[in-house]
Structure formats: structure tokens, C-alpha cells
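The values are calculated or read from the model by the stated rules, or taken from the named source; none is laboratory data. Nothing here was measured: the structure is a model prediction, and the numbers come from that model. Cβ: placed from backbone, ideal geometry, glycine included. Neighbour counts: every protein chain shown.
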Amino acid sequence: MKTKAPQTLLYPLFVYASFTCGQPHAWILADSEPVAASVKGRLWRTPSGNILLFPQGAQAARDGSIWVHGELHFLVNSQKMLLMESILGVGELGLELALIDAMVGHHARRVATWTAGRRLLKRLSAVPLKGGRWSAISGRARCR
């Protein structure tokens, strides 16, 4: 019996918070070489401790957003995506996998990431976090 090969995400995956190098869930992507990237937006925390990304794009200046720093991972298969979605609580929270622009060095690149909209943030009573680098917020060292 043939087993079906896992499907692979066609866009690089932008990860932030606990999935970045040196953080609790980085082991999921340990076989992938991370590339530093940033997106315009803000990290938010729910009362239950979930960390969410609200990308702001063109509204950035008006909304006071900052750069959220994370990593790009390439060729992430569906098994890893499902595991990360389970950890994030994608189904329960209502997060969406969206395509947004990320900066890699001085170049913009289209990437996939899980995002939260304004209504979802309000419904979850999420509060904005200061700073866009999770390692500084969490107190855990980032990899070099």
C-alpha cells in the first residue's frame, strides 16, 4: 500500500513567538534552516496566554504598529502545519492562514502565516504587547 506524501506549503512560512529558534516549540522546525524576517504588525496576548499576530500593512502608521520579528521556513509539510495549528489553537481561536508581506533584509517577500483580525482580538480580549521581538518579551534567549 502506497502512503501519500505530505503536502508542502508553497509559500515560505513566517513563524513568530514560540516557534522561533530557542523557544519552546522550535523543535518542530528543527530540520529547516530559518531565515530572519519581519512583518509590519503587532503581537497580542490573550488572557489564556496565546500569542497572536495582527498584521497591519497600510494602516501601520495610523495604528501604531511595529515590526514583528520572526523566521521564514521553507517547504513546511502538512504534518508540521497541522501540529503547529494544534499548538496555536487555530480551530478553537479562529486564526486564519493568510498571505502577507515580510521583509527579508531589504527585500519584500510574500509569506504565509497565521493571523488574527480586529474582531477576533476583541472577542478574545487580547491586549497588545510592547515590542516585536518575542525573545525579548518572553525572556528566553534567541538562537544565533
- Considering region 43-99, residues that are among the charged types (D, E, K, R) and surrounded by fewer than 14 Cβ atoms within 10 Å (Cβ to Cβ), and then whichever is modelled with the highest pLDDT, we arrive at E96
- Considering every residue within region 126-138, establish whether at least one is on the phi > 0 side of the Ramachandran plot and either over 14 Å from the mean Cα position of the chain (by Cα) or at pLDDT 85 or above (or both). yes
- Every residue from region 76-97 that is aliphatic (A, V, I, L, M) and over 19 Å from T20 (Cβ atoms): L82, L93
- Among the residues of region 27-42, how many are of a type in the set (A, V, I, L, M), surrounded by fewer than 16 Cβ atoms within 10 Å (Cβ to Cβ) and not in a strand (DSSP E or B)? 1
- Filter region 4-26 down to residues that are modelled with pLDDT of 80 or more and hydroxyl-bearing (S, T, Y) and give me whichever is nearest to S38 (Cα to Cα). Y16
